[in-house]
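*Asks:* This is the structure, below, for whatever I ask next.
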């Protein structure tokens, strides 16, 4: 269905794909209410969208998952097969199956997703509208598309490379003595970026790893399960009361703020329920600031792709009382160069590295057992 092909030059052209007439109408109204965007075409199933994408370029695609003829996942697979580039934002449900499918969509090149509300009242609220438009802006301004330019590395080769690095690190002396911890923050493009980092970490890593990825409740468990299936290092959604252990990755639960508290001399996960900060919940600033009173001798702070500046204020505050080492993802490999750019502007960054080198630098800085 063609809406308007005479889009002003300054407006981003959007394709909306959803089998629900109500959802299409609501999303089109939201998109067209913003002067940055204009819906130029709609499709009611994946097959119709595929025919449009073969012929026309769009600045962004809003894609539903469950549709007749060809669903959202099938469309993403066909686009990869045929090397058809698109910047895709998924509209996902918050069910367990919906979260699992969303992880698959992000694997297949979708840049980010919006949680599709069940409640029609919230669907038309300013809160949903603002989140929708912020996410769409991040997607259309992304440096990446659904077609990766990075070479594919097999899991066997990846594990071989990690083991070689482990052997090298074992022979060298640690730069800083005492306990260490890795605290990582990411947002837009983060789930895909984490697949280039976490599976490259060894089970023998001499530190726990904390991760705050901006996601709603329900999606972080699926993310943790996905990463755990790809990794030798253990990955879990952090639970209240978890005692931090070396060689374990703890992903913050969506919808709450993850902190580290010292209980009985041991570092323990605790959650708080303050309102969103930096517009997000979980917020990495809370994680970093909670580490100020921890027993860790050094905190390796890692900031990956994402819009906004979450993590920056927390790291700045943490630096006043702890020895930190800050690793930021470079602009070229970031899906959205917002969070890494913000921390780089403080002058606290020790290393700016490509995504492929993040895991290596983490290992070099914290060592192995």
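The values are calculated or read from the model by the stated rules, or taken from the named source; none is laboratory data. Just so it is clear, the structure is predicted and the values come from calculations on it, not from any experiment. So basically every Cβ, Gly included, is an ideal-geometry build from the backbone, and we count neighbours across all protein chains shown.
*Asks:* Quickly run through the range 105-120 and pick out the residues that are in a loop (DSSP other than H, G, I, E, B), in contact with a strand residue (DSSP E or B) (Cβ under 8 Å, 6 or more places away or on another chain) and at pLDDT 90 or above. If you could, list the steps in order and put the result at the bottom.
*Replies:* Narrowing the range 105-120 to residues in a loop (DSSP other than H, G, I, E, B): 108-111, 116-119.
Those left that are additionally in contact with a strand residue (DSSP E or B) (Cβ under 8 Å, 6 or more places away or on another chain): 109-111, 116.
Of everything in the range 105-120, those that are in a loop (DSSP other than H, G, I, E, B), in contact with a strand residue (DSSP E or B) (Cβ under 8 Å, 6 or more places away or on another chain) and at pLDDT 90 or above turn out to be 109, 110, 111.
*Asks:* Quick check, is residue 123 over 24 Å from residue 199 (Cβ atoms), in contact with a strand residue (DSSP E or B) (Cβ under 7 Å, 6 or more places away or on another chain) and not assigned by TED's automatic domain parsing to the domain that holds residue 304? Spell out the reasoning first.
*Replies:* On the way: over 24 Å from residue 199 (Cβ atoms): yes; in contact with a strand residue (DSSP E or B) (Cβ under 7 Å, 6 or more places away or on another chain): no; not assigned by TED's automatic domain parsing to the domain that holds residue 304: yes.
The answer is no for residue 123.
*Asks:* So, in the range 341-369, exactly how many residues are more than 10 Å from residue 330 (Cα to Cα), assigned to a loop (DSSP other than H, G, I, E, B) and in contact with a strand residue (DSSP E or B) (Cβ under 8 Å, 6 or more places away or on another chain)?
*Replies:* Number satisfying all stated conditions: 5.
*Asks:* So, in the range 244-278, how many residues would count as being part of a loop (DSSP other than H, G, I, E, B) and over 15 Å from residue 291 (Cβ atoms)?
*Replies:* 14
*Asks:* Moving on to the next point. Please verify whether residue 160 is assigned by TED's automatic domain parsing to the domain that holds residue 330 and closer than 17 Å to residue 230 by Cα, treating the condition exactly as stated.
*Replies:* It is true that residue 160 is assigned by TED's automatic domain parsing to the domain that holds residue 330 and closer than 17 Å to residue 230 by Cα.
*Asks:* Same structure again: Among (1) over 15 Å from the mean Cα position of the chain (by Cα); (2) at pLDDT 95 or above; (3) buried (at least 20 other Cβ atoms within 10 Å of the Cβ); (4) within 30 Å of residue 30 (Cα to Cα), there is one condition residue 186 misses while meeting the rest; what is its number?
*Replies:* Failed condition: (1).
*Asks:* Kindly establish whether residue 235 is at pLDDT 95 or above, under 18 Å from residue 299 (Cβ atoms) and either in contact with a helix residue (DSSP H, G or I) (Cβ under 7 Å, 6 or more places away or on another chain) or buried (at least 24 other Cβ atoms within 10 Å of the Cβ) (or both).
*Replies:* no
*Asks:* List the strands (runs of 3 or more DSSP E) inside the range 1-104, counting only whole elements, that have at least 2 residues being under 23 Å from residue 148 (Cα atoms) and modelled with pLDDT under 95.
*Replies:* Here the list reads 88-92.
*Asks:* Please state which one of 326, 302 is touching a residue at least 40 places away in the same chain (Cβ under 8 Å) and part of a strand (DSSP E or B).
*Replies:* Values: 326 fails: touching a residue at least 40 places away in the same chain (Cβ under 8 Å).
302 is the lone residue from the list that is touching a residue at least 40 places away in the same chain (Cβ under 8 Å) and part of a strand (DSSP E or B).
*Asks:* Report whether or not residue 106 is touching a residue at least 60 places away in the same chain (Cβ under 8 Å), surrounded by 20 or more Cβ atoms within 10 Å (Cβ to Cβ), under 17 Å from the mean Cα position of the chain (by Cα) and farther than 23 Å from residue 11 by Cβ.
*Replies:* It is true that residue 106 is touching a residue at least 60 places away in the same chain (Cβ under 8 Å), surrounded by 20 or more Cβ atoms within 10 Å (Cβ to Cβ), under 17 Å from the mean Cα position of the chain (by Cα) and farther than 23 Å from residue 11 by Cβ.
*Asks:* Would you pick out the residues in the range 193-207 that are farther than 15 Å from residue 358 by Cα and in contact with a helix residue (DSSP H, G or I) (Cβ under 7 Å, 6 or more places away or on another chain)?
*Replies:* If the condition is that a residue be farther than 15 Å from residue 358 by Cα and in contact with a helix residue (DSSP H, G or I) (Cβ under 7 Å, 6 or more places away or on another chain), then 204, 206, 207 are the ones that fit.
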